[in-house]
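**Q** Pasting a structure here, questions to come.
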Amino acid sequence: MAAITNGHTNGVNGVNGHTEPSYARFSDIPAVIDIPVRGEDGDEAVNLDLTELMDETDELCDLLENENAARYYWVTIALAYAKQNKTDIAIDILQKGLGALVKGRTEDKLPVLVCICWLYLRKCRRAPRVKPTQTTEDDKPKEHWLHAATSTLNEASRLSPAYPPLFLARGTLYLLRSSLQPSKATSGGPDHSERSETLKQAAKCFDDAYKQSDNKNVMALLGKSKVQFTMGRYAESLALYQQVLSQAPDMVEPDPRIGIGCCLWALGHKEHARSAWQRSLDVNSERNISANVLLGISYLDESSQYGTTDPQFAALYKNAMTVHTQTAFKLDAMHALTCATFGSYFLLRKAWANVERLARRAIEQTDINAVASDGWYLLARKEHYEGTDLNKAADFYSKADLARGGDEKGYLPAKFGAAQLKTLMGDLDGAKFRLDKIISAPSATAAGAQKNLEAMTLLGILFAEEVYASQAAGQKEDKSVEQKKAISLLEQVRVAWKDPKRKASPDSAVLLNLARLYEQDAPERAVACLQQVEKSELDDIAEDDERLPDDIGDETEERRARRELLSPQLLNNIGCFHYQAEKYTQAREDFQTALNSCVKMGDRDSAIDTDALVTSISFSLARTYEAEGLTEEAQRIYLGLLERHPEYTDANARLAYIALSSASNPAESAETLKALLASDPSNLDLRALYAWHLARTKKRTSNLPEDPEQKLYKETLQKYDKHDRYALVGMGNLHLAVAREMRRETDSDKERRSKTYLRAVEFFDKVLTLDPRDAFAAQGLGIAMVEDKRDTGAGIQIFSKVRESIKGLSGSVHLNLGHVFAEMKQWSRSIENYELAIARSARERRDGKPEAQILACLGRVWLMRGRMEKKLEAYKTSLELSKQALELAPENVNLRFNVAFVQIQLATLLIQLPEAQKTLVDVEEAGVGLDEAIEAFGDIARGPQPPFPRGDLEARANMGKNTMKRQLAQAGEKQAEYERKNAFRLEDARRRREEEIRKREAERVRAAEAAQAREQAIKEQRDAMAAEQREDMARRVEDERRREEAEWTTDAETGERKKRERRPREKRQKRKKKGVEDDDVETDGGGVVGEGTDVEGGTGRRARGSRTTSGTPGTASDAEGGGRRRKKRKLERKGQAVKSSASKFKSSEMVEDSDDDEDAAPPTTQDGTPGAAGTSVADGGEDGEEEEAVARPVGGGRKKAARVLDEDDDDDEEGGESAPVSAPAVDDDEE
């Protein structure tokens, strides 16, 4: 090799004395070095092989010291040891060399000190972050080596503060020190934390190093880019990394492509980031740990977008772990990021020992806070899974969060894990507080930010569990706020599933909790949630599922077979909601499918006990049969349940109810129910059923203590449950009924009546205290307000609220509203509510017939309306309704009395009405009705329990026999005489009335047809307009797409959209004076075609984008007849002419063309001031004719002179017709 003298080689250095710099680490360390020594024969050299170095260096150091070797040899040998990872020996050699050079020049000491500092920094990179759990030979932490490097740098700075290599070393020192300082979240203002200040100092040092090297030190650029990345300025960092790569494309260690990829990843361009890392791996495939592990992380991130059952997930996950991460781990098992990545893999495998080991390595070996955070998080997850020490797991979660800044910044998975731990430890308030901070953090509420779905789900479920606990405990505390919060959060999660960008799959737990929260207030939404769960589970069943039968028929059979594989609890709940919505057919199908599912579940796994499920679902199916009127099917199921469970009280109670309702043997059924109650007296459902039976069959009495129903309620409240709402409402209703029948003649009677009403109100108020949504108690309260206080306004308000809350689930509220409006004499509203109550009662009864009592109430209102308005039709309607009510309950004496009473009232009206308002048929029918009424009054008076005193009934019958029959007979005679006298007039009126009716009907039909035709025409017009709009919109979209494709393109480097750059226009050649060069071609028409025009067939065509002056076109007569000469175009300089007094234009002078347009002066006005930019002036031609001035638009940038072509008169040389030729004014940017 060439001899080395004083650290420099002799001879030619590369081609022409230059060589490309090598950026490989330790690439300038030779394999062999010759150390010069003084010998007897002159200078000699000791050959030292730097590839095979011994650990013992005393002799080597003595040799260098004795021979006064230059510092180059000390440094080169030390770096050779460092190249073989013997950094401690290298440091020892340099320290000895420094001692040998103590009396030497400062220029020799400074490089040695800097080299020692760099080796300390290298040791810092390899040193553990914290004290390692397993002691090693060299377990000094990073802080120790940073302190040593700082001392060395300070010593070098004392020798020469401006020594350039010191800036780079100090910047690296600050950068490593910042990695040990915690990140702190800021509230949006400037960051003045210690870590931020340290990074700023590092950036300043790198800037100084870069300037000192005349902008050639790429390592300084690399350090500054690392600082920018650490401070979160990813775009600036990316630009610096790209600058490094452009200056040093061969640099592979460190590789700027790694930094470019990290910046692109942080900016959201993950595909470009992967390309950068893959390029780094392609360039340097040997020991490229960073590229391998980062590629593994990128593939892991992509795999997270697919479900675990997706084939793409398996391919991506395998590529991430086995191809890249495992390769990186084999290259360096102590690499922190690799250990953290592999630790997550072993966490899923629940290999806790491996997780512990790799997490500790990641924490100890990293100099990046985020990687240390990953290590702490792995340890926290391990402790969380094991569950042996939750406090330890909480501590690890806290450290993982703090390593990334904590507070509002921090590490989201660690924050969520800490909230989960709070839930496990029973601190629900603490868990909700932490989760609410996650959701309301500035990073989650910023524009375009997405809230964490897991945090929203857990917080919503915690609020829901609080509501469930309150309901189960029977607490009176209002939990509506918590319920609204739970619904809001879970609904937001549900909406997020529809966002394709989030790729979130539906969670059954969210839907089931929503269904439970909606159960009371919005059952239709609850069943929708359950049906979504059903659909999700059906979709999860594969087409070739072995549980499906082989011979599946049509789609209906296939769906039924698939549904039988679902959870029977889910199907049962759906059936219950359908039952409550009175969709009995769907409910029956749900219950039957649930039973089949139970059977198949038991067949698949005999260890599962499905008896409880089968019993409950069978009972629900029987109740559905009851609601559909299939009592025999229901009885068969109840009897089957009693065979398996004889003590099943609910089945016995339903059988007793069916027997009581059928009226086949009521006495025996009543005894059965009584015996059943005696066997289980504490069953509140049985006591309520027995009270219902007593209310139907008891003898009415005004003495409450003797009422058997009241005794039963009192016993229930005193002995079994003082808060039984059914008994409390029943007691209130009894007091209402008694108070309603009490006398009110004297003040004492009124006081007793008011106290009874007050007692009823107390019962209803107690129920509303227990359950504010109890509709029956609220209605009882409204009835008491109306009947006792005559406060109809308050009663209507209460009944209206009840009507809105129950939403048609009961017709009683319409019945009560009908009573109130009847009292207020608002007949139409009363009739409307009674009719709604009748329709509801018809739907509730098995036979589909309305209740007779409601029909009687409706008949009473029509009678009251008729008596007030004196309308015969109202009386007839009342009579018809009263007869319908009597047909439904023929044995009811009160209904028979009602019919007779209306018949008497109808006869009285017909006696009083004038002949013109009634007919003979009406009078005759009233006579028949009067006879029936007289007979009915007599029968009722002779009955065992007449509704009124017998004497009053007999008096009414006698009055009808004597007075009313005689008066009605007289009215009939008068009516017959009246109709005989007016028969022709009445017939004519009837005929005209029928004709008018026919005309009205024909007009109505024509109007309906015309309206239908108009609607059809409007519909067709709207369809045509909609189609035209769609076509127009599609055309606009296509135009917009084409315009965007023309104006916008994709940046090949960043992948961002940007506008296309306009191509610079080619400079036009300057026009030459006419006659000098043949650049201008005279056309046949005498015009001059300049640059920017085409000559084609004797016509001038203006070039694209050019401007023209106005010209006066010539005609054939001008050319042939020798008229006005055609003008020639001449070139003028804009703004150079001076306005003459003989012309009204700004200039009349001819301006000579110039070959150098760039030297043209700006336009000026007459007084010498600059003229308006962009103003063009035309002069009059040689013949003095006036021409119009042409204005140029104001242009940006430097104002240039514009050229305007004027026309001079010229004869057509050819004598033929010519087209006008317009030469363009030249743009500024075209000169």
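**Q** Assuming R0 = 51 Å, can you tell me the calculated FRET efficiency for the pair S800 and K722, based on Cβ-Cβ distance, to the nearest 0.05? Kindly include the intermediate steps, with their values, before the conclusion.
**A** Details: r = 31 Å, r/R0 = 0.61.
Approximately 0.95, to the nearest 0.05.
**Q** Work out how much length E873 to A31 would gain on full extension: take 0.36 nm times their residue separation and subtract the Cα-Cα distance, in nm to one decimal. Don't jump to the answer; show the numbers that get you there.
**A** Values: separation 842, 0.36 × 842 = 303.12 nm, distance 12.47 nm.
That works out to 290.7 nm of additional length.
**Q** For region 333-440, build the charge dipole from Cβ charges (+1 Lys, Arg; -1 Asp, Glu) around the Cα centre, then report which of L347, A394, Y411 sits farthest towards its positive end.
**A** Farthest along the dipole direction, towards plus: L347.
**Q** Here is a further query. Kindly state, to the nearest 0.05, the FRET efficiency for Q1012 paired with K849, given R0 = 41 Å and r defined as their beta-carbon distance. Mind showing how you got there, number by number?
**A** Values: r = 39 Å, r/R0 = 0.94.
Rounded to the nearest 0.05, the efficiency is 0.60.
**Q** For region 698-807, what is the per residue volume of the convex hull drawn over the alpha-carbon atoms, in cubic angstrom? Mind showing how you got there, number by number?
**A** On the way: hull volume 11.4 nm³, N = 110.
Hull volume over Cα atoms, normalised by residue count, gives 103 Å³.
**Q** Can you pull the accessible area of D747 for me, 1.4 Å probe, Å² to the nearest 10?
**A** Number for this one is 120 Å².
**Q** Now for a separate question. Checking the table K849/K999; K825/K876; K498/K1019 against a 30 Å threshold on Cα-Cα, which pairs fail?
**A** As for pairs spanning more than 30 Å Cα to Cα, those are K849/K999; K498/K1019.
**Q** Another one. So how exposed is E143, as accessible area in Å² (1.4 Å probe, rounded to 10)?
**A** Approximately 110 Å² for this residue.
**Q** Right, another one. If you line up the Cα atoms of region 451-540 on their principal axes, what length do they span on each, largest first, in Å?
**A** So the three principal-axis extents are 42, 28, 17 Å.
**Q** Another question, then. Can you give the accessible area of M231 in Å² (nearest 10), computed on protein heavy atoms with a 1.4 Å probe?
**A** My reading of the accessible area for M231 is about 50 Å².
**Q** May I pose another question? Going by accessible area, probe 1.4 Å, with all protein chains left in place, what is the ranking of F776, F26, largest first?
**A** Numbers: F776 120, F26 45 Å².
The most accessible residue leads, giving F776, F26.
**Q** Quick check: Cα centre of region 138-183 to Cα centre of region 699-718, how many Å?
**A** If you average the Cα positions of each part, the centres end up 95 Å apart.
**Q** Of the trypsin sites (Lys or Arg not before Pro) in region 810-906, which ones lie in a loop per DSSP and count no more than 14 other C-beta atoms within 10 Å? Mind showing how you got there, number by number?
**A** Working: sites: K825, R829, R840, R843, R845, R846, R860, R865, R867, K870, K871, K876, K883, R896; in loops: K825, R845, R846, K870, K871.
Within region 810-906, the qualifying trypsin sites (Lys or Arg not before Pro) (loop, at most 14 other Cβ atoms within 10 Å) are K825, R845, R846, K870.
**Q** Compute the distance in nm between two label points, each set 7 Å from the Cα along the Cα-to-Cβ direction, one at E1020 and one at R696.
**A** Modelled inter-label distance: 6.2 nm.
**Q** Could you tell me, in Å, what Rg and Dmax come out for the Cα atoms of region 165-321?
**A** Calculated on Cα positions, Rg and Dmax stand at 17.6, 58 Å.
**Q** Top to bottom by accessible area (1.4 Å), largest first, where do Y875, Y210 land? Walk me through the intermediate numbers first.
**A** Working: Y875 10, Y210 35 Å².
In descending accessible area the options line up as Y210, Y875.
**Q** Using a cut-off of under 11 Å, list every residue of region 773-787 whose amide N is near the label point 7 Å from the Cα of R829 along the Cα-to-beta-carbon line.
**A** So the set is empty, nothing qualifies.
**Q** May I ask for the Rg/Rh ratio of region 827-955, computed from Cα atoms with Rh as the Kirkwood radius, given to two decimals? Write down the numbers at each step before the final one.
**A** Working: Rg = 15.4 Å, Rh = 15.4 Å.
When Rh is taken as the Kirkwood radius, the ratio is 1.00.
**Q** Simple spin-label model, 7 Å along Cα-to-Cβ: K216 to R1042 in nm?
**A** 5.6 nm
**Q** Considering region 348-470, what Rg and Dmax in Å follow from its alpha-carbon atoms?
**A** My reading of the Cα-based Rg and Dmax gives 15.3, 51 Å.
**Q** To the nearest 20 Debye, how big is the dipole of region 160-287 about its Cα centre, given +1 on the beta carbon of each Lys and Arg and -1 on that of each Asp and Glu? Provide the component values of the computation, followed by the final result.
**A** Values: 16 positive and 13 negative charges, 50 e Å.
The calculated dipole for region 160-287 is roughly 240 debye.
**Q** Using DSSP to define loop residues, name the trypsin sites (Lys or Arg not before Pro) in region 63-144 whose beta-carbon has at most 13 other beta-carbon atoms within 10 Å.
**A** Numbers: sites: R71, K83, K86, K96, K103, R105, K109, R122, K123, R125, R126, R129, K142; in loops: K86, K103, R105, R129.
Sparse-neighbourhood loop trypsin sites (Lys or Arg not before Pro): K103, R105.
**Q** Could I ask something else about it? How would I608, I911 line up by accessible area, probe 1.4 Å, largest first? Walk me through the numbers on the way to the answer.
**A** Numbers: I608 70, I911 45 Å².
Output order, biggest surface exposure first: I608, I911.
**Q** At a temperature of 10 °C and a viscosity of 1.306 mPa s, determine how fast region 814-891 diffuses translationally according to Stokes-Einstein, using the Kirkwood radius over alpha-carbon pairs as Rh; express D in µm²/s, rounded to the nearest whole number.
**A** 128 µm²/s
**Q** Moving to a separate point now. Can you give me the distance in nm between label points at D250 and D539, each placed 7 Å from the Cα along the Cα-to-Cβ direction?
**A** About 5.7 nm, to one decimal.
**Q** Ok, one more. Given a Förster radius of 41 Å and the C-beta distance between S480 and D685 as r, what FRET efficiency does 1/(1 + (r/R0)^6) yield to the nearest 0.05? Show your work: numbers first, answer last.
**A** Working: r = 28 Å, r/R0 = 0.69.
Approximately 0.90, to the nearest 0.05.
**Q** Post the alpha-carbon centroid distance, region 727-770 to region 28-89, in whole angstrom.
**A** Using only Cα atoms to place each centre, the spacing works out to 115 Å.
**Q** Right, another one. Report, in cubic angstrom per residue, the convex hull volume of the C-alpha atoms of region 58-212.
**A** Working: hull volume 19.2 nm³, N = 155.
Taking the convex hull of the Cα positions in region 58-212, it is 124 Å³ per residue.
The values are calculated or read from the model by the stated rules, or taken from the named source; none is laboratory data. Just so you know, these numbers come straight off a predicted model, no measurement behind them. Here Cβ is always computed from backbone atoms with ideal geometry, including for glycine, and neighbour counts include all displayed protein chains. Just so you know, the surface numbers come from the protein's heavy atoms only, side chains and all, with ligands and any DNA or RNA stripped out. Shrake-Rupley method; radii C 1.70, N 1.55, O 1.52, S 1.80 Å.
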